[in-house]
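Down below is the structure, laid out as structure tokens.
The values are calculated or read from the model by the stated rules, or taken from the named source; none is laboratory data. In this text the structure is predicted, and so the values were computed from the model without any measurement. Note that each Cβ is placed from the backbone with ideal geometry, even for glycine, and that neighbours are counted across all protein chains shown.
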């Protein structure tokens, strides 16, 4: 099992290009099931998650071709026909978002059998809202032996979908299904993340009629068929925020390109409050910190446009070296402080009580063996290792490969002393 070794203390200087957004790319890939024509996705991240979903789509009948285009990596997906409407457990369990093939399969064939995704290390993350949305579109659902058996014998029927809470995955799933439903669908209390806009833009290029994405109310006028299109995946806002935090942690000056600063404004506000210099520019932003100690700040995670839960672990790493006590409240997922004990192995002073973590800044972190528990926790340990004295060894980094493309290469290019060690056992 691969590990990542980091020798801390090197300042970061240089430029990091941001990849396409994982959380958007996997839903755009699922959209390819909605048409027999080819969907060409550019600015595609090459990640374990996108490859997992590619394997599932191939099982369903999609031809998946990866290549290098004029503007970087791209993927061509074409589903001339659905050869199987069954998404088995052995593939769905590897990535929760693959559950979102259910809606497109129903829209295309009227029936599907998809495994429930199972548990998650950062909380329950149930799919009940996904199923309620599909039932609102006329789908008959039966749960049996860990699978969802779904049928729409009269085809999908447009209708009102009112979410009790704003759910990113359920909103995207409802959009993917409703575009081919008969009649109009109105989604209220919809998630407002930028990924909603990206998915809607792609679907509209394919001939859908979606309006209001990025607001709390999305209107979809169903159409009879969709066609092929070319769409560039939006930049990854979580990767953008992560490298901004890495630069703030290690010190130095890093320019993040091929991205947008407005996607992470809540984070940038907190970085400025902590004493980090942030300068937005046309194709991204520059993050700079030269020697001055960080100031402790309070953070509450929230749905977009609030502070992203996917940046909470990385921000906690930053606060371990701040002057004073910071308070971080996690309001989205339970069990999302599992990185705290690992940061404590590096010398951090963190007390967790329920959904609140109190971080008392220390003068320095010391390198140690640590273990990754999930994707964002993994990269928080890398960020901490950049500033820790001596060597930090991050074990179980397969989590990192799910969401960060060429992480060691991008950080090394800015002066970080970081390397991957392939194979071998992980340290418990």
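Annotations for the structure displayed:
- Extreme residue, nearest to the chain's Cα centre (by Cα), among residues of region 179-214 that are touching a residue at least 60 places away in the same chain (Cβ under 8 Å) and not in a loop (DSSP other than H, G, I, E, B): 195
- Within region 343-368, the set of residues being within 26 Å of the chain's Cα centre (by Cα) and touching a residue at least 60 places away in the same chain (Cβ under 8 Å) comprises just one member, 359.
- Elements of type helices (runs of 4 or more DSSP H) in region 341-424, at least 1 residues being in the same structural domain as residue 255 (by TED's automatic domain parsing) and more than 18 Å from residue 12 (Cα to Cα): 375-387, 398-401
- Test set (1) within 24 Å of residue 237 (Cα to Cα); (2) part of a loop (DSSP other than H, G, I, E, B) - residue 27 fails condition number: (2)
- Region 1-20 - residue that is buried (at least 24 other Cβ atoms within 10 Å of the Cβ) and out of contact with any strand residue (DSSP E or B) (no Cβ under 6 Å at 6 or more places or on another chain) and, of those, farthest from residue 105 (Cα to Cα): 19
- Of note, residue 231 satisfies the criterion of being in contact with a helix residue (DSSP H, G or I) (Cβ under 8 Å, 6 or more places away or on another chain) and either under 27 Å from residue 158 (Cβ atoms) or surrounded by fewer than 24 Cβ atoms within 10 Å (Cβ to Cβ) (or both).
- Flag if residue 334 is part of a helix (DSSP H, G or I), surrounded by fewer than 24 Cβ atoms within 10 Å (Cβ to Cβ) and either at pLDDT 95 or above or outside the structural domain of residue 47 (by TED's automatic domain parsing) (or both): no
- Within region 204-219, none of the residues are outside the structural domain of residue 34 (by TED's automatic domain parsing) and under 30 Å from residue 35 (Cβ atoms).
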